[in-house]
Structure formats: structure tokens, C-alpha cells
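Engineer: The structure that follows is given in the form of C-alpha cells.
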Amino acid sequence: MQYHFNDIEAKWQKYWAENQTFKASNTSDKPKYYVLDMFPYPSGAGLHVGHPLGYIASDIYARYKRHKGFNVLHPQGYDSFGLPAEQYAIQTGQHPAITTETNIKTYRRQLDQIGFSFDWSREVRTSTPEYYKWTQWIFIQLFESWYNNTTNKAEEISSLIKIFSTEGNANVNAVCDDNIEIFSAEQWNEFSPEKQQEILLQYRLTYLAETEVNWCPALGTVLANDEIVNGVSERGGHPVMRKKMTQWSMRISAYAERLLQGLDTIDWTDSLKESQRNWIGKSVGASVTFNVIPSVSSSAVETYHQIEVFTTRPDTIFGVSFMTLAPEHELVSQITTPEQKAEVDAYILATSKRSERDRMADVKTISGAFTGAYAEHPFSKEPIPIWIGDYVLAGYGTGAVMSVPCGDQRDYDFAKHFNIDIPNIFEGADISEAAFTSKDNVKIANSDFLNGMNYKKATKRAIYELEQLGQGEGKTNYRLRDAVFSRQRYWGEPFPVYYVNGMPQMIDKQHLPITLPEVEKYLPTETGEPPLGRADVWAWDTNTNTVVSNTLVSSSAVETSKDNGIYPLELNTMPGWAGSSWYFFRYMEEKANRGEDFASKDALNYWENVDLYIGGSEHATGHLLYSRFWVKFLKDRGFVGVEEPFKKLINQGMILGTSAIAFNITNVRVSKLKEPYKVDNDKIYVSIERLNYGTDTKVNVIVSKEILFESTNMKSSVNSSAISELHHDPSKQNKLFNEILNTLNLEEEIKSDLLEGKAVLTYYINPIRIDVNLVNASDEVDVEKFKSHKTSKDYLKALFISEENETFIVGREVEKMSKRWLNVVNPDNICEQYGADSLRLYEMFLGPLEQAKPWNTAGITGVHGFLKKLWKLYVGENGVNVNNAEPTKDNLKSLHKTIKKVQEDIENFSFNTSVSTFMIAVNELTQQKCTSKAVLEPLLVLLSPYAPHITEELYSQLGNTTSISTAPFPEFDASHLVESSKNYPISFNGKMRFTLELPMDMSKDDIEKTVMAHEKTIAQLDGRTPKKIIIVPGKIVNIVG
RNA sequence: GCUGAAGUGGUGGAAUUGGUAGACACGUUGGACUUAAAAUCCAAUGUCCAUUAGGACGUACGGGUUCAAGUCCCGUCUUCAGUACCA
């Protein structure tokens, strides 16, 4: 009987589905354990072998926990709103819902064939109305809430209205917009409803405001900060610019401190926590207010301006010699003097033209302009010139700084550049070359009441003095900005919002979901409105509470008499992270039981939060921060009972592809030389240079019969190793050269010119990637297949470095696995050829879970061979050969060694080492010719989380009628591992020379006697007397001579 | 620049509190079986020297601590990831 993995795997996958083997219960006596994967976006390309890595790891853990007696929740679903389906819709007109449905089918088929123990009865899809109804509902809850800084939690907006109407807002300690108008209770009660709503909007946790946003013209939408990488969009790499737009925002800044503190309570990696800490960016300091000195030439009605700055170094306040405002700062236009206006305007214009990316690329250039205005130093009352400069960012702090050139390098450089005074306020510091930026071991000088104090004391005193003047206070600043929540896209959650007189109104819960309207095209409208602007039926009728045709919206809703109660609906949709910020709660309820809540109280109380979450590190500052924010909010409002969504989190490393690189000759030229080149010893001279444009590499060759390398000046690049491999291998180079000569069909005269050094040959080569599926394990390209392959059409004339017998060898380059690099390996093929169990084992065997590692299909034969060996251990020619034979000592030792190691490995997520442990166990038991059921059956249970199909099959062949997944994990018994002797390594001066088998219970003295009497010891010592003998019983003997 | 992680055979990677470096695989080489191939099995495989016995070197580089260092300490270099005028 052979190991027919395809049949076995299909059989058990069917069994699990039919018996709902992995269905979790919401009522169980067992302890609960919730294992979650970051759910995938179902892309059209399907899964490649990199995707399941994390799923396999979490599946092993989930299965292990079941063996250990836990009630395990291990669900899966789809993050099915998103850009690719929409882009595809724009190109083809196909509705994204259809594309998504098709892609999900492919994903499900691929996931099923790998044998995951998912409970599919709880599946979620973020793009279904039954799901996004609750995303809309959470949005409404955020709208109906404000953040009370006194109770330090979110509260219902009604409590705020109550305060406003009884005492005004002067004493409200809330997180709100910066420029809040102060009013009394009387004033509040007299405000018009519109005015009241306008004010409330400044307090709500999601709010509509004109904000400076990241606008991506190529994508036609705004992007959140975490969707921008290096100044370009994360998706597609398009340029991004700053633009003022009215958008929905999430007041995540209200939770900055709690998001920071919460990190200490969860088991995440330090690097991930560090990323979040940096993103939140807490800095403690003071805010200081500077009065602008009124200019003499200003008009009769004098206006007094104040500039507020944030500083982490209030102790250096006497070192201020100028102030710098961001060019976008709102005061700039008001304080600039007429004489300086032209210069300032020119500077503002120049900086506004620079894109974010240019600004980042060019940090070195110092630029700025003097406004002509002066501020007054709060203590010395000296005038301080006010400058503008683009090193001050409008988006951080107040967009203005007090510049202390002696203590801050950027201020220092700016002052040097513009010849501004650099007063030194540090005792004994040398500031002739650079600013003195250290806080430690220095005393403040030339600073009035701060003289002689250290950083800590001076900071405290400076803040105190500022408070006395009413010109400052201690303040904590966060880098974390409120998150823009609108997207100008079609394929996202519609907002449950309509507008009356321009003010947003929420639609009642009972009328949700507001489903996406149909549009005839998925592009923005001609007038620049989002795609929903194309919908004909997209207005809200407050009489019937239904979505109705746009044409019914009364044209002059401003006049209440003509108001027919039909209003326009919001045209934006929600961003991708909306649906993924709470999906883990939705899984807590089976689809069939989902009722009138996003999850029932019982389910929420039972499952609490995710015990183990596995996914990619790319979500460090996006999804993982937003989810934490929403969970904290839901907790504040009493909708859930937990403060953090994910207790433990592991980032799986990326599986990299091994691209196949060949070389395409893009251009060849022969130029005659004025002076013939002196050809030495029949050599060919080659020089290579990398061109500045494109990816081409230019190669000059002066030809003779044999190749020699004259010079190379290669710059590093993605393809450098493959190119230099080509150019440093003379035989490859020679072949390439001959290929070129033959292909060109050169005239004999030119050929001889080249060979005589009278002409130079220049060619340009471009490394191209060849689909890895057309290359075998020996790096040979299947040329026939390549020429007919769809990805080759551009390269039909491609030249290869050919070896003998028409084989073409490619170079290799490890890079991200992606369709674009033609290096994608499909798990379907692997499952078909080797089986899902082999795939699972191999992905784990590749290396540590959290580490990036290259995929190499050739290596899978190792684990596949192991499974065949395992099969042969249980099943002989004539059926199962496992019996009730008494296990031998060796059998038990092998088994219990394995139990111990595997259990430790799983708990430490060291899955790669447990695969080797299984291999060792099977090798040993095969050697021992073990047939004992008492040993072989527990071994199956140990292995079943990793290779569930083959173990189910063998388990049933041993006579079991239940699924192996319900079997308890074998108990480790240390008594089987007790050794009676130890093979001691005998070292001389720390170098191991030979080993010696000695009894475990031998005393130190006896060990010494035995070792010293040994003939090899005597030979090693060669008559010398050892100085010292180190004996560590059970470990080592070291003789120092 | 800053923060974090990491540098071990031809390759992926093992190595518990400092205690036999290179487990387990891939690859390579040789052999068995076969008409042949595949599959399977056996053996060798860090580098160098040596006919053998054996020896020298060896965990990025340079120092140090220790009877003993891949592991601990100091310095240097390199790679990867994240982040960046954050006041």
C-alpha cells in the first residue's frame, strides 16, 4: 500500500467539512482560545505560496490547542472592499461585487485544499450589506460621541449637550478642534440648531472638517498618512500632494495616550510596539505664547497677534534669537511688513510648488524669508525677528517654533545661513561649529533666573515662570494626527449620512444598511465628484426613510417652506480600514445566529478578545492602530468588554521569490576607432558602465580572441549580482559576445576590424525576468515554452547566454514574490505534486516563522520523503503493520524526547525545529523497527497539527473511528529520558579531543581518575602534568595543561 | 541621521543557563537496484595539510573576560526592515 496523498487529502477534507469537525461552540466547559489570521483581500491573482505561511502557523497552533483541551475559535473571512476590484471595474465595467465573488471562490478553493481547520460557519465579508450595516452603525456611534478628558473616556454626545445648555463650554475638558469659540449656557440655548450642530461637530469623535489632506491625483482620492510611503502612494507609487478638502475625520488623537499606555499590557514584539510608539510620537514640553510687536506702519485699528509655539526645551528660552513659522502658517500674511511682502510671497509660492517628495529628498538646502515683523521675548522683552522657513512643518505642533540656534542643529544651520545671532546659553559649551544638543551634564547660563540650573530644574522653573506671566504652560504633544476617513471611491462602505443645509445627519439604525447604489461607470464625475455622484438613486427621503432618486431633492432646501424632506446623501465612501477595525468581533457569532447586534453580549463575554493574532508587519501603523482605537471606543461606550483587541501578536516573515534573470540585448553598435587599439596577447577588453537612465547597462568591448576584463564600474542595483555574475565569468561573456557577432550578421570587413582592434563594439543589455515556471531546478530555461509564453512577447529576440546543447542558464535574484517579477509559485501545483501536508511541513521547515526567507521548490522533496518514510513505518506491503507489542526502552525514549521538544517548540512558535524533530523521530523508530501502537499512535497526534491529512488517515487505519483532532495531546514522561551514562567530551585547553562513555552517577574524583588513566589522555599530555582539571558532571571534562 | 533586527558550510537553517559548532534538510559526489529512467536504499560531504594515524584553522572583522565564547563585554564593518527637518 502506497502513500496516495491526493486521495487521502481529498477524503479528509470532505470528512471535516461534512462533520463540521472544527466548528467552535459558544457554550463550552473547556477554556476558550481565539486564534486569528489577518483576513486576506481576495485579489484576482489568487494565493501564492507566501500567503499561507501565517495561516499554516496559526492552524498548527489552533489544532495544538484543541489537543490540549481548549475550545478553539479559528475563523476566516475576507477583507473584500478595496482598490484592485474597483480598478478592474473601471477598466472592464464589471461590477466589483462580481469580481470579488469570483476571487473569493478561488481563495476558498485554494484555502480548502491546504486543509485548514477554519470554522467557516462564522465567515465574514466586509463588502456584504449584512456586514457593513454594522460598520455604518459604529460610524454613527462615533458621531454620537465626544471624548471627556476628565473621565478619560468617550461619552454620548447628549451628556455634552446637557453641559452646554446648563453651563456653557468654558469648563468642558474635551478633546476637540483647536479653535473653539467659548460660549455661555444662555448663548448656547439661543444658538440656531445649525449653529449648535456646527459646534457639536467640533467635539464629535468623527467629524466633518476642512483639513489639509494627502491628495493623490492619479488615484483620484485622498489617502491616510499610513497609506503613503516615502512621499508616494502605497498602492501604485503615485505622487501625493497636500490639498485642503472637506472630509470626514476620526478623532484618534483623543486616544493617543491610551494607545501608548495600552502597549505595555499586550504581548507584541518590541519592534512592533516601537513602530506604534514612534507613530504616536509623544513628546513632553511646554507651549509658549509670544506677542507680536505691532508694526509702526500698520493701520489705525491695531491688532495684536500672538504666536503659540511648542517646545521640548523650555529651559533654553533665553537662547531664542529668532522665530520661524511654516510658510503655510495663517499669521504669515497678517504680520508681514509691506517692505518684506514681495520676498515672503515669492518664497511661499516657491515652497508650495515643491511636492512633499522633493521636500523630503532635499533636506540639506536651507531656505527661508524674513517677515519684517518682531515678537517680544516673554522675559527679556527683547524684539525677536520672525522668519518663515520650510524646515518648520505646518502639520506638526503649532506650525511655529521658537528658534534656539545654540541648542538645535536646524535652528543653528538656519541662523548661520541667514547671519542671525547665535547667543550661547550653555556653560562652557563650544558652539563654534555646531549646536550643543545634549540635555545632560550642562548648566544653563546667560539666562537670568535659570542660570546654573540643569535641564530638569530649568525646565520646571521656566514653565512655572511662563505660567506666572500667562504666556505658557506644560504641554504634551503627539505626532499622531486625526485620521481622514473619506475616500473618493466606489467600492467601499457608503456613509449613513445625508445633508440638510450642508449639515450632516445620521440615518437611524433601523434603516441600515444603506447599500451601495448602482452607477454606470466607476470613475469620478466630470465635475470632479466621487463615483457615487453618478448614481441616479442616491437621495434620502426622510418621510419614507428610503433611498430615492436624486431628482426629488428640493432645489432650494434653504427655504424651509419648499423643503420636501428629501436630501442628498454623502458621496464619499469609507476607507479600507473601516471594515477591518472590528471584524474580529463579528466572528464571535455563527452566521446563522447573528441577530440585532454586531455580536451578542454572550458571545462577546465568552470570547473576549483574540488570544493569538498572526499577520504581516505591514499593518503595524495602520490596521493595528485603528483596530485598537475602535475597540477602546467600543469599550468606553459599553459595547464590548475589552480594552485591547489582540493579546498576542506575531508577524510572519515574507516568503521571497527567486527570480530568474536573463539578459536582453537592447542595442548594439560598432564604431571605428581613429587610433587602432593595440591588441595585447589576443585579449578582449571589456568595460561596463551603468547608464543613468532606464535599467540598461552599457558594455564596451574591444575585441580580440580571448576575453579579459579591463574595467568595471558597476553601481549596485537590484540586478547587480546577476549582471556582475555575467561579466565576471569570462566564458559566459565570451559566449554572449559570440552570440552577438553571429546574430548581427556583420560584414566580414567589420568583423575583422573588430578582431584587429580597429573598431569597438558597444552593446546595451537589460536584465529581464523570465517566469520561474519556465526554468527548471538547474536554472535552465525551457526555450520552446519560453518563446510561446505570453509574458515573452517583448523578448522574442532576446539573446541568452547559451551553454552547449542549446540550454540557456539564468541568473538568480531573491526578491519579493510578485506577479510583476514573474517569480510566483502557486500552491495549487505544489499540492497536486506533493500534497498539502508536504506544503504545510515545508513552509514551516523553511526557517523561523518571523524571518523573511526565500522559497525554493526543489527543497520540498526533503519533507515529502519524510512523509513517505512515515507512511512506510505504519503501512507495509500487506497493510498496517502496527501491533500491540510492548514498546522498547529506545522506542519510549524516542517518543518522549519528541513529545517534549515538539510541545516546547509549538509554544515558542519555533515550528521549523519541530519538523526536524519529527524527522529524527521517524528515522530512529524506523531504525528500531518499531511496530508498537503505544508509541506510534501518540506520534501521530504530535504530528497531526502539522500534517493533518496523513495523520487522520493512519489514525483511522489504526482502528480509531473519531477524528484525530479530538485526541488529547500525549503526556510527557521524563522518566523515559533518564540516562545511565554520558558520553563525555574530553577537552584539552578547551579543545575537544575525544569522547569517553562514563556512568552518569560517577563521582568527580572517579571521573578524574578514569580520564587521567585513559591512554588517549596520556598521549595528549605527552608527559606534561596538567595544571588544572575542570569537571562538570554530566557536561564536560576540560584538562588545562 | 535615528530606531529595531541580523551576519554560522555550496544553499535553507540547528545549537537550552557560556560546556562536543554545523542538528535536520537541500545540493553535490560515489555506489547498489534497473535494459534505461523515475522511485528507493547505502556511503561521503566546513576549509586546508597528511598515504594513514592525525593535525591546523573555522560562526562578519579587531580586541577583551573565562578552564571553556556562535553565545558575555568593548570597538569596527556590512546587510535588511521601519522612520525621518517632530521643534
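The values are calculated or read from the model by the stated rules, or taken from the named source; none is laboratory data. Just so it is clear, the model here is predicted, and its values are computed rather than measured. Cβ atoms come from the backbone with ideal geometry, glycine included; neighbour counts cover every protein chain shown.
Engineer: When you go through A:T246, A:T221, A:T269 one by one, which is the residue that is β-branched (V, I, T), away from RNA strand B (no atom under 12 Å from the Cβ) and modelled with pLDDT of 75 or more?
Structural biologist: Among A:T246, A:T221, A:T269, only A:T246 is β-branched (V, I, T), away from RNA strand B (no atom under 12 Å from the Cβ) and modelled with pLDDT of 75 or more.
Engineer: If A:N501 satisfies every condition in (1) surrounded by fewer than 16 Cβ atoms within 10 Å (Cβ to Cβ); (2) within 29 Å of A:T211 (Cβ to Cβ); (3) within 35 Å of the chain's Cα centre (by Cα) but one, which is the exception?
Structural biologist: In the conditions (1) surrounded by fewer than 16 Cβ atoms within 10 Å (Cβ to Cβ); (2) within 29 Å of A:T211 (Cβ to Cβ); (3) within 35 Å of the chain's Cα centre (by Cα), A:N501 misses (3) alone.
Engineer: Taking A:G281 as the residue in question, decide whether it is surrounded by 14 or more Cβ atoms within 10 Å (Cβ to Cβ), at positive phi and of a type outside the set (S, T, N, Q).
Structural biologist: yes
Engineer: A follow-up question, please. Can you say whether A:T106 is touching a Pro at 6+ places or on another chain (Cβ under 8 Å), polar (S, T, N, Q), more than 27 Å from A:E907 (Cβ to Cβ) and buried (at least 20 other Cβ atoms within 10 Å of the Cβ), as far as the supplied structure shows?
Structural biologist: no
Engineer: Right, another one. Quickly run through the range A:831-856 and pick out the residues that are over 23 Å from A:E907 (Cβ atoms) and either crowded, with 22+ Cβ neighbours inside 10 Å or away from RNA strand B (no atom under 15 Å from the Cβ) (or both).
Structural biologist: Correct list: A:C831, A:E832, A:G835, A:A836, A:S838, A:L839, A:W855.
Engineer: Within the range A:1027-1041, how many residues turn out to be in contact with a Gly (Cβ under 8 Å, 6 or more places away or on another chain) and closer than 16 Å to A:S1003 by Cα?
Structural biologist: So the answer is 1.
Engineer: Might you let me know whether the range A:109-119 holds any residue that is hydroxyl-bearing (S, T, Y) and not in a loop (DSSP other than H, G, I, E, B)?
Structural biologist: There is no residue in the range A:109-119 that is hydroxyl-bearing (S, T, Y) and not in a loop (DSSP other than H, G, I, E, B).
Engineer: Tally up the residues in the range A:951-975 that are in a helix (DSSP H, G or I), loosely packed, with under 12 Cβ neighbours inside 10 Å and either away from RNA strand B (no atom under 16 Å from the Cβ) or without any contact (Cβ under 8 Å) to a residue 40 or more places away in the chain (or both), please.
Structural biologist: So the count comes out to 2.
Engineer: Consider A:F139 against the criteria (1) touching a Leu at 6+ places or on another chain (Cβ under 9 Å); (2) of a type outside the set (V, I, T); (3) buried (at least 21 other Cβ atoms within 10 Å of the Cβ); (4) over 30 Å from A:Q20 (Cβ atoms): it satisfies all of them except one. Which criterion is unmet?
Structural biologist: Going through (1) touching a Leu at 6+ places or on another chain (Cβ under 9 Å); (2) of a type outside the set (V, I, T); (3) buried (at least 21 other Cβ atoms within 10 Å of the Cβ); (4) over 30 Å from A:Q20 (Cβ atoms) one by one, A:F139 breaks only (1).
Engineer: Give the residues of the range A:976-1001 that are surrounded by 11 or more Cβ atoms within 10 Å (Cβ to Cβ) and among the basic types (K, R), sorted by residue number.
Structural biologist: A:K982, A:R993
Engineer: Kindly state which strands (runs of 3 or more DSSP E) lie completely within the range A:141-260 and contain at least 3 residues that are over 26 Å from the mean Cα position of the chain (by Cα) and of a type outside the set (F, W, Y).
Structural biologist: Passing ranges, in order: A:153-156, A:206-216, A:241-250.
Engineer: While we're on this one: Got a number for residues in the range A:872-891 being in contact with a helix residue (DSSP H, G or I) (Cβ under 7 Å, 6 or more places away or on another chain) and within 11 Å of RNA strand B (Cβ to nearest atom)?
Structural biologist: Total satisfying the criteria: 1.
Engineer: Mind listing just one residue for me: the one in the range A:399-433 that is polar (S, T, N, Q) and away from RNA strand B (no atom under 16 Å from the Cβ) and, of those, surrounded by the most Cβ atoms within 10 Å (Cβ to Cβ)?
Structural biologist: Across the range A:399-433, the extreme among qualifying residues is A:N424.
Engineer: With respect to A:S127, is the statement that it is closer than 25 Å to A:W16 by Cβ and either without any contact (Cβ under 8 Å) to a residue 12 or more places away in the chain or in a loop (DSSP other than H, G, I, E, B) (or both) true?
Structural biologist: no
Engineer: Next question, about the same structure. Output the residues belonging to the range A:388-404 that are under 22 Å from A:Y374 (Cα atoms), modelled with pLDDT under 90 and of a type outside the set (A, V, I, L, M, F, W, C).
Structural biologist: Of everything in the range A:388-404, those that are under 22 Å from A:Y374 (Cα atoms), modelled with pLDDT under 90 and of a type outside the set (A, V, I, L, M, F, W, C) turn out to be A:G389, A:D390, A:Y391, A:G397, A:T398, A:G399.
Engineer: Of the numbered conditions (1) of a type in the set (A, V, I, L, M, F, W, C); (2) crowded, with 22+ Cβ neighbours inside 10 Å; (3) within 6 Å of RNA strand B (Cβ to nearest atom), A:V863 fails exactly one; give the number of that condition.
Structural biologist: (3)
Engineer: Considering only residues that are charged (D, E, K, R), assigned to a loop (DSSP other than H, G, I, E, B), touching a residue at least 40 places away in the same chain (Cβ under 8 Å) and out of contact with any strand residue (DSSP E or B) (no Cβ under 8 Å at 6 or more places or on another chain), which ones fall in the range A:589-618?
Structural biologist: Residues satisfying the conditions are A:E589, A:E590, A:R594.
Engineer: Here's another thing I want to ask about it. Contact list please: Cβ distance under 6 Å, first residue in the range A:619-633 and among the basic types (K, R), second residue part of a helix (DSSP H, G or I), pairs at least six apart or on different chains.
Structural biologist: Here the result reads A:R628/A:L259; A:K632/A:Y255; A:K632/A:R258, each pair linking the range A:619-633 to a residue that is part of a helix (DSSP H, G or I).
Engineer: While we're here: Could you please give the count of residues in the range A:487-521 that are assigned to a loop (DSSP other than H, G, I, E, B), under 30 Å from A:F629 (Cβ atoms) and modelled with pLDDT under 90?
Structural biologist: Matching residues across the range A:487-521 total 4.
Engineer: I've got another one for you. Just give me the residues in the range A:1002-1018 being loosely packed, with under 11 Cβ neighbours inside 10 Å and either of a type in the set (A, V, I, L, M) or away from RNA strand B (no atom under 14 Å from the Cβ) (or both), in sequence order.
Structural biologist: A:D1005, A:A1013 - these are the residues of the range A:1002-1018 that are loosely packed, with under 11 Cβ neighbours inside 10 Å and either of a type in the set (A, V, I, L, M) or away from RNA strand B (no atom under 14 Å from the Cβ) (or both).
Engineer: Please work out which residue is nearest to A:A603 (Cα to Cα), limiting yourself to the range A:18-36 and to residues that are outside any strand (DSSP E or B) and touching a helix residue (DSSP H, G or I) at 6+ places or on another chain (Cβ under 8 Å).
Structural biologist: Across the range A:18-36, the extreme among qualifying residues is A:N26.
Engineer: In addition: State whether the residues of the range A:358-371 include one that is at pLDDT below 90, farther than 16 Å from A:Y391 by Cβ and surrounded by fewer than 16 Cβ atoms within 10 Å (Cβ to Cβ).
Structural biologist: no
Engineer: List the number of the failed condition for A:S271; all other conditions in (1) farther than 21 Å from A:R481 by Cβ; (2) surrounded by 14 or more Cβ atoms within 10 Å (Cβ to Cβ); (3) among the polar types (S, T, N, Q) hold.
Structural biologist: The single condition A:S271 does not satisfy is (2).
Engineer: Additional query: Would you call A:A798 among the small types (G, A, S), at pLDDT below 65 and either in contact with a Leu (Cβ under 8 Å, 6 or more places away or on another chain) or surrounded by 18 or more Cβ atoms within 10 Å (Cβ to Cβ) (or both)?
Structural biologist: yes
Engineer: Now, a different point. Out of everything in the range A:370-398 that is part of a strand (DSSP E or B) and hydroxyl-bearing (S, T, Y), what residue ends up being farthest from RNA strand B (Cβ to nearest atom)?
Structural biologist: For the range A:370-398, the residue satisfying everything is A:Y374.
Engineer: Next question. Among (1) near RNA strand B (Cβ under 9 Å from one of its atoms); (2) within 35 Å of the chain's Cα centre (by Cα), which single condition is A:L943 missing?
Structural biologist: (1) is the only condition that A:L943 fails.
Engineer: Here's something else I'd like to know. So, in the range A:273-296, of the ones that are more than 9 Å from RNA strand B (Cβ to nearest atom) and assigned to a helix (DSSP H, G or I), which residue ends up nearest to A:I317 (Cα to Cα)?
Structural biologist: In this case the residue turns out to be A:I280.
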